[in-house]
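Engineer: Submitted below is the structure of interest, expressed as structure tokens.
The values are calculated or read from the model by the stated rules, or taken from the named source; none is laboratory data. On a predicted model such as this, the values are computed, not experimentally measured, just so you know. Every residue, glycine among them, receives a Cβ derived from its backbone with ideal geometry; neighbour counts consider all protein chains shown. Keep in mind that these areas ignore ligands, DNA and RNA; they rest on the heavy atoms of the full protein, side chains included. Shrake-Rupley method; radii C 1.70, N 1.55, O 1.52, S 1.80 Å.
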Amino acid sequence: MNSKEDRKSLTELEDGQTAVIVSVQGGKMLTKRLADLGITSGTVVKVIRKTLFSGPVQVEVAGSRLVLGWGLASKILTELK
């Protein structure tokens with residue numbers, strides 16, 4: 001059983017880690033925009049590279065590579081696979 005302690009935002013994952021998106025903490029416009037990019041609950045996401053000092057996070061979702069700002073990435077809650 002997974003608990004809330006197992007959940008981490010994208011910004012807390014290490015390079016190369018794979019996780020499943022649990023939820024997106026944001027309003028309708030934000031969740032719709034991310035859904036258009038393939039970032040929805042239940043989707044597998046892999047962190048390719050994180051930039052130091054709160055810089056962008058490069059991820060791979062459904063075969064596509066995306067670069068997300070730190071603030072946006074911090075609103076995407078995941079659970080490690």
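Engineer: In region 11-35, how many are more than 13 Å from Gly71 (Cβ to Cβ) and part of a loop (DSSP other than H, G, I, E, B)?
Structural biologist: Within region 11-35, residues that are more than 13 Å from Gly71 (Cβ to Cβ) and part of a loop (DSSP other than H, G, I, E, B) number 6.
Engineer: Is there a residue in region 68-76 that is open to solvent by 80 Å² or more (accessible area, probe 1.4 Å), in contact with a strand residue (DSSP E or B) (Cβ under 9 Å, 6 or more places away or on another chain) and on the phi > 0 side of the Ramachandran plot? Don't jump to the end; show me each part of the working.
Structural biologist: Here is the first cut: in region 68-76, the ones open to solvent by 80 Å² or more (accessible area, probe 1.4 Å) are 75.
Checking which are in contact with a strand residue (DSSP E or B) (Cβ under 9 Å, 6 or more places away or on another chain) leaves us with 75.
Still in the running and on the phi > 0 side of the Ramachandran plot: none.
There is no residue in region 68-76 that is open to solvent by 80 Å² or more (accessible area, probe 1.4 Å), in contact with a strand residue (DSSP E or B) (Cβ under 9 Å, 6 or more places away or on another chain) and on the phi > 0 side of the Ramachandran plot.
Engineer: Please state which one of Thr43, Thr51, Thr31 is more than 12 Å from Thr11 (Cβ to Cβ) and open to solvent by 40 Å² or more (accessible area, probe 1.4 Å).
Structural biologist: After applying the criteria, what remains is Thr31.
Engineer: Out of all the residues in region 15-27, which are modelled with pLDDT of 95 or more and surrounded by fewer than 11 Cβ atoms within 10 Å (Cβ to Cβ)?
Structural biologist: Matches in region 15-27: Gly16 only.
Residues are listed down the side, and each one gets a yes or a no for (1) of a type in the set (Phe, Trp, Tyr); (2) in a helix (DSSP H, G or I); (3) at pLDDT 95 or above; (4) under 11 Å from the mean Cα position of the chain (by Cα):
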residue: Val47; (1), (2), (3), (4): no, no, yes, yes
residue: Leu52; (1), (2), (3), (4): no, no, no, no
residue: Val59; (1), (2), (3), (4): no, no, yes, yes
residue: Arg65; (1), (2), (3), (4): no, no, yes, no
residue: Leu77; (1), (2), (3), (4): no, no, yes, yes
